[in-house]
Amino acid sequence: MQLDIETYKRHAGRVSVQDIEFDAFRTRPLDLASLRCLRYMHDVEHHTICYLRDLLVTPAHRDPEMTAFLTMWTFEEFWHGEAIAAVLAAHDEPAGSPRIAPLRAALGWKDRIAPMVHGLGSALVGASYTAVHMTWGAVNEWTTQAGYARLAQRCGHPVLAEMLRRIMKQEGRHIDFYAAQATKRLNDNRRAQWLTRQALTRFWAPVGSDVMPEPEVRHMISFLFGGDDGKTMAARIDRRIDSLPGLAGLDLIENARLSLAGEGSDHRRERLDVLAADDHIAETPALATL
Ligand SMILES: [Fe+2]
Ligand SMILES: [Fe+2]
């Protein structure tokens, strides 16, 4: 669904949690596995502003519709992080700045050079770079919303489920924007399609895996994307990716799920198969200019 930016500007805002009974967690706390997922989600929601930093050094910042969306998007994601922080605080867990500051301080050289990589990459590649970013954003928003849905289901806690339902509604608007932008920028653009396929296949990993410790990534994927329900959910997201112009057959989420949920796969071999197919396509004259 296309997101009308004027409508979004009117409706965007802080997720409503004033009536959420956070004290309910003191008498009925979450199970440890759900709480561990929430720590991850808290940290990644609060990291959104850093993802924005990497996007604004690209030509995306010249598009006023894009920057209007990104302004609202980071605001909403910030408050998702704050809502989850309130749940952590109700469990007497560190939340907000005391969690975020050490996380950012521990980020290494990859984080420090990320804006330069994106700035240089977009300067070399041109407008197709924005297609990669928008597609990347769509995939991350799809997986985030699905992860919240699965957590609401698995935690068995009505208070958390209600709060996540409200967050998911806002994630739905983010999906609408990113998916529409990705479709528009990939459509009839084989160069952008090839570049996006390469970027996703070679570099995509679940959102937050660039900043969170690997055991936390594995736990989150196992808990939320494991088993038959996780497989069904991954297949649904992969079908959505398939529907984007030129992106059919990546099996991105299923491959990541199998690789990280420890359910057995030759994840790397499947990725290399996809790349080999793409390299064959790239030999066509239409893509020789890349
Ligand atoms: Fe969010
Ligand atoms: Fe989002």
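The values are calculated or read from the model by the stated rules, or taken from the named source; none is laboratory data. Keep in mind that what you see is a predicted model, and the values were worked out from it rather than measured. Cβ coordinates were reconstructed from backbone atoms using ideal geometry, including for glycine residues, and neighbour counts include every protein chain displayed. Surface accessibility is based on the protein's heavy atoms, side chains included, excluding ligands, DNA and RNA. Shrake-Rupley method; radii C 1.70, N 1.55, O 1.52, S 1.80 Å.
Here are some notes:
- Test: residue in segment 134-152 that is free of Cβ contacts under 8 Å to residues at least 24 places away in the same chain, small (Gly, Ala, Ser) and open to solvent by less than 30 Å² (accessible area, probe 1.4 Å): yes
- Total residues in segment 19-47, condition among the small types (Gly, Ala, Ser) and within 29 Å of Ala105 (Cβ to Cβ): 2
- Residues satisfying the stated conditions in segment 189-214, i.e. more than 16 Å from the chain's Cα centre (by Cα) and either farther than 18 Å from Ala256 by Cβ or within 14 Å of ligand 2 (Cβ to nearest atom) (or both): Asn189, Arg190, Arg191, Ala192, Gln193, Trp194, Leu195
- For segment 163-205, a residue qualifies if it is within 16 Å of ligand 1 (Cβ to nearest atom) and either in contact with a strand residue (DSSP E or B) (Cβ under 9 Å, 6 or more places away or on another chain) or closer than 14 Å to Leu244 by Cα (or both), and the qualifying residues are Ile175, Asp176, Phe177, Tyr178, Ala179.
- Among the residues of segment 164-189, just one is open to solvent by 20 Å² or more (accessible area, probe 1.4 Å) and among the hydroxyl-bearing types (Ser, Thr, Tyr), namely Thr183.
- Considering residues of segment 225-266 that are of a type in the set (Asp, Glu) and over 18 Å from Trp136 (Cβ atoms) only, the residue surrounded by the fewest Cβ atoms within 10 Å (Cβ to Cβ): Asp228
- Segment 1-25, subset in a helix (DSSP H, G or I) and of a type in the set (Ser, Thr, Tyr), residue farthest from Tyr178 (Cα to Cα): Thr7
- When each of Ala161, Ala127, Ala101 is tested for being in contact with a Pro (Cβ under 8 Å, 6 or more places away or on another chain), aliphatic (A, V, I, L, M), open to solvent by 20 Å² or more (accessible area, probe 1.4 Å) and more than 16 Å from ligand 2 (Cβ to nearest atom), the lone residue that passes is Ala127.
- Residues in segment 56-98 that are surrounded by 18 or more Cβ atoms within 10 Å (Cβ to Cβ), away from ligand 1 (no atom under 15 Å from the Cβ) and either at pLDDT 95 or above or among the aromatic types (Phe, Trp, Tyr) (or both): Leu88, Ala90, Ala95.
- Residue that is farthest from ligand 1 (Cβ to nearest atom) [pool: residues in segment 99-115 that are touching a residue at least 40 places away in the same chain (Cβ under 8 Å) and not basic (Lys, Arg)]: Pro115
- Within segment 169-188, being part of a loop (DSSP other than H, G, I, E, B) and either within 14 Å of ligand 2 (Cβ to nearest atom) or at pLDDT below 95 (or both) holds for one residue alone: Asp188.
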